[in-house]
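**Q** Dropping the structure in here first, questions after.
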Amino acid sequence: MTISPIKRPRVRLDPRDYEGLCRQVLRRDGWRCQGCGKRANLQVHHIFLRSQSGDDIEDNLITLCSECHDQIHSS
């Protein structure tokens, strides 16, 4: 008999709650890109992407500027 791992439900917030979480992450990261330190054009990035079952939780989010964010997604 093969035992398959239990699949847990993914945490996906509604847009209003997600926006609040993003503000919390920006505050946590000191309103700076965690890649290069810039303070402009900031975005919140999922470390484990939503498309790869990444959760909308603080531990899975990081602040990046648009340039660093684009660089990660083009790799």
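**Q** Of the listed values [x] 109; [y] 62; [z] 121, grab the one calculated as volume of the Cα convex hull per residue in Å³ from the structure here.
**A** Derived directly from the coordinates: [x].
**Q** Another question, if that's okay. Within the chain, which cysteines find no other Cys whose Cβ is under 4.7 angstrom from their own?
**A** CYS22, CYS36, CYS68
**Q** Could you give the nm distance between label points at SER53 and ARG12, where each point is 7 Å from its Cα heading toward the beta carbon?
**A** Result for the modelled spin labels: 1.4 nm.
**Q** Just rank SER74, SER66, fewest to most, by other beta-carbon atoms within 10 angstrom.
**A** Details: SER74 6, SER66 13.
Neighbour counts put them in this order, fewest first: SER74, SER66.
**Q** Go ahead and run the numbers for FRET between LEU26 and SER74, Cβ-Cβ distance against an R0 of 30 Å, rounding to 0.05. Show your work: numbers first, answer last.
**A** Details: r = 23 Å, r/R0 = 0.76.
It comes out at approximately 0.85.
**Q** Now a separate question. In angstroms, what radius of gyration and Dmax does the range 32-74 have, counting Cα atoms only?
**A** Rg and Dmax of the range 32-74, Cα atoms, are 10.2, 29 Å.
**Q** Based solely on its DSSP helices, what 222 nm [θ] is calculated for the chain when runs of n ≥ 4 H residues each add -39,500 (n - 2.57) and the sum is averaged over all residues, nearest 500 deg cm²/dmol?
**A** Values: 2 runs with 23 residues, N = 75.
Theoretical 222 nm ellipticity from helices: -9500 deg cm²/dmol.
**Q** In addition: Once phi is turned into θ = phi - 60°, what whole-Hz ³J(HN,Hα) does the Karplus curve with 6.51, -1.76 and 1.60 give for every residue of the range 32-37, x standing for Gly and Pro?
**A** 9, 5, 7, x, 10, x
**Q** While we're looking at this one, here's another question. On C-alpha positions alone, give me the angle between the axis of helix 15-28 and the longest principal axis of the chain, in degrees, nearest 10.
**A** Here the helix axis deviates by roughly 60 degrees.
**Q** Hey, another quick one. Between LYS38 and residues 5 or more places away or on another chain, which pairs have amide H atoms under 5 Å apart, with H built 1.01 Å from N, and which residues are they?
**A** Those qualifying (amide H under 5 Å, at least 5 residues apart or on another chain) are CYS33.
**Q** For the ranges 54-63, 25-34, what's the packing order if you count other beta-carbon atoms within 10 Å of each residue, average per peptide, and put the highest first? Show your work: numbers first, answer last.
**A** Working: 54-63: 16.9, 25-34: 15.2.
Peptide ranking by packing, descending: 54-63, 25-34.
Just so you know, all these numbers are worked out from the coordinates, no wet-lab data involved. In this text the structure is predicted, and so the values were computed from the model without any measurement. Note: ideal-geometry Cβ built from the backbone for every residue, glycine included; neighbour counts use all protein chains shown.
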